[in-house]
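The values are calculated or read from the model by the stated rules, or taken from the named source; none is laboratory data. Everything quoted here is computed from the prediction, not taken from an experiment. Because the Cβ atoms are built from the backbone with ideal geometry, glycine has one as well, and the counts that use them run over all protein chains shown. Protein only, heavy atoms only, side chains kept; ligands, DNA and RNA dropped before computing areas. Shrake-Rupley method; radii C 1.70, N 1.55, O 1.52, S 1.80 Å.
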Amino acid sequence: MKTNHVVALAVVTIAMLTSLSVGGVAQAPATPDQMVAALKQNLAESQKNLRKYEWVETTTISLKGEEKSRKQQRVYYGADGTLTKLPIGEPPPQAAQSGGGRRGRLKEDVVAHKKDEMKDYMERASTLIHQYVPPSPAQIQKAKDAGNMALRPQPQGQVRAEFQNFIQPSDMLAITVDAKAALPSALSVATYLDKPEDAVTLAVRFATLPDGTNYTAQTTLDAKAKNIRVVVENSGYRPLTP
């Protein structure tokens, strides 16, 4: 089964997540107000921190636990601030195969229908995730003011900021922050499409470059209702040559 459309949607997802790479803030958050201020400042500064780098993005699509596609791209910000992605070693498109006769055409129609269903589902999942990542500073403030924010101490000097009912009822956005450096180390989203049974989850792991720049190291999107997993990894960071 071809997954070109799903790969394209995964690329859109990572483009959103890349903007979450942040630098530190002066004061470590200790209260909900300080945490919100730190997160809002990090989000406001996120667009400028990685523009001096280029890196390799690897997108892997799996269906029912079986890898269906793997794609690599060179990624960097252009002079106008636009995120640019260039394919690395992209394989040539496969020629369409016909089963022959009416049965063959029927099989092709079934496959095409399933591809359209998957494309539509991933488009909807991607649109939903757009509402969470990167999280809106205004939405973070709104959740905090509504009493839907909780700070939970974590091991190794980290704090987990949880925002319930962030976009829709019973959802959850959680950001794990290094309490000393005020840098995110992980982000997770638990939400759903039409009903809670149609769960969509997102897990983001951050890492830090030698100069202190925080970046999205790995992103995993799980659409359990469709047995689809999209994993995007960023690696090979190096200074962008003018």
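Observations on the structure shown:
- Yes/no for residue 222 being of a type outside the set (A, V, I, L, M), open to solvent by less than 40 Å² (accessible area, probe 1.4 Å), modelled with pLDDT of 90 or more and closer than 26 Å to residue 61 by Cα: yes
- Here residue 216 fits the description: assigned to a strand (DSSP E or B), of a type in the set (Val, Ile, Thr) and at pLDDT below 90.
- Unmet requirement for residue 183, which otherwise passes all of (1) within 19 Å of the chain's Cα centre (by Cα); (2) at pLDDT 85 or above: (2)
- Residue-level check: of (1) part of a strand (DSSP E or B); (2) surrounded by fewer than 16 Cβ atoms within 10 Å (Cβ to Cβ); (3) among the basic types (Lys, Arg), residue 195 misses just (1).
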